[in-house]
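Laboratory data are not the source of any read-out in this text; all were calculated from the coordinates shown. What you are looking at is a predicted structure, and each value in this text was computed from that prediction instead of being measured. With ideal geometry, Cβ positions are generated from the backbone for all residues, glycine too; neighbour counts draw on all protein chains shown.
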Amino acid sequence: MSKRKVVHVVPVEGGNWAVKGQHAKRAFGIHDRKDDAIERGKRLAKGAPLGQLIIHKKDGTIQTEYTYGQDPEKYPG
C-alpha cells in the first residue's frame, strides 16, 4: 500500500498562509488568503492516490482534516 501524501495549510509570518508537504522545508506556495491556500492544498492532496489535507488555525493548532482516496478505518469490522 502506498503512503498517504499529507499536505498542510499553515500560517506564516506577515499574515500569509503556506501550503507545505509533510516534513518539507520549502512550501508548495504562499498565499495572502487562507481560502486560496486551502484550494491549492485540496488540489495537491486530491491529486495523489491517497491524500490528506490538514488545515491549521492561526495559532498553529489543527482546525480540520480531510482524507482523499481510501479513508483509514477507525473501528475494526
Exercise. Please determine, in degrees from 0 to 90 and to the nearest 10, the orientation of helix 34-46 with respect to the longest principal axis defined by the Cα atoms of the chain, where the helix direction is its Cα long axis.
Key: 30
Self-check item: Total formal charge among the other residues, if their Cβ is under 11 angstrom from that of His31, Lys/Arg +1 and Asp/Glu -1
Solution: -1
Exercise. Can you tell me how much longer the chain between Lys25 and Thr61 gets when fully stretched, taken as 0.36 nm per residue apart minus their C-alpha distance, in nm with one decimal?
Key: 11.1 nm
Quiz item: Considering the chain as a Gaussian network with a 10 Å cut-off on Cα pairs, which listed residue, His31, His23, His56, attains the greatest mean-square fluctuation?
Solution: His23
Quiz item: Name the residues of the range 31-52 whose amide N is less than 16 Å from a point 7 angstrom out from the Cα of Gln70 along the C-beta direction?
Solution: 48-52
Self-check item: Reciprocal mean inverse distance between Cα atoms of the chain - Kirkwood radius, Å
Solution: 12.8
Quiz item: Restricting to lysine pairs 8 or more places apart or on different chains, what number in the chain have Cα atoms under 14 Å apart?
Solution: 9
Quiz item: Between Ala18, Ala27, Ala37, which gets the highest mean-square fluctuation from a Gaussian network model of the chain, Cα cutoff 10 Å?
Solution: Ala27
